[in-house]
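Let me begin by presenting the structure, written as structure tokens, before commenting on it.
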Amino acid sequence: MAVIRDVMSTELVSVEPGTTVAEAATIMGTRKVGSALVMEADRLAGIFTERDILRALASDFDAAGHVVSHWMTTTPTTLPPDADAARALALMLDGGFRHVPVMDGERVVGIVSMRDVTSRN
């Protein structure tokens, strides 16, 4: 069975908490990813996803100018790099989310998506 380290992406897309929804959406679109890690220096502050973009835009007509810290998940579920890929998939299905930051202690080392674990599992 694969472990997260074998399927995770190490090319991280990140934004700062003060980044606007529109700026984050542009970065995510340009990089062709469904989420961005919200980082304060080297610390994971949250995760901002496509679903957050939709939720923001559906809630407020000027949400594109709001900061991502208002819409992000502030305490995302994380996994270590040696976690089983099947565990990651079960976690995502049970939690209703598609992206999990991968942490080695306090350091973000990657991100794993539902697509990563289903296409390589």
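The values are calculated or read from the model by the stated rules, or taken from the named source; none is laboratory data. This structure is a prediction, so every number in the text was calculated from the model and none was measured. Cβ: placed from backbone, ideal geometry, glycine included. Neighbour counts: every protein chain shown. Accessible surface is based on the protein model in full, side chains and every heavy atom, while ligands, DNA and RNA are left aside. Shrake-Rupley method; radii C 1.70, N 1.55, O 1.52, S 1.80 Å.
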Selection count, segment 56-95, where residues are assigned to a loop (DSSP other than H, G, I, E, B), open to solvent by 60 Å² or more (accessible area, probe 1.4 Å) and charged (D, E, K, R): 2
Any hit, segment 78-93, residues being among the hydroxyl-bearing types (Ser, Thr, Tyr) and either in contact with a helix residue (DSSP H, G or I) (Cβ under 9 Å, 6 or more places away or on another chain) or modelled with pLDDT under 95 (or both): no
Matching residues, segment 22-50, being closer than 25 Å to Met103 by Cα, surrounded by 15 or more Cβ atoms within 10 Å (Cβ to Cβ) and in contact (Cβ under 8 Å) with a residue 40 or more places away in the chain: Ala24, Gly34, Ser35, Leu37, Met39, Leu44, Ile47, Thr49
Residue match in segment 9-19 (condition: charged (D, E, K, R) and at pLDDT 95 or above): yes
Per-region count, segment 108-121, residues farther than 16 Å from Thr73 by Cβ and at pLDDT below 95: 7
Lone qualifier among Asp104, Asp42, Asp82 - being closer than 27 Å to Thr20 by Cβ and acidic (Asp, Glu): Asp42
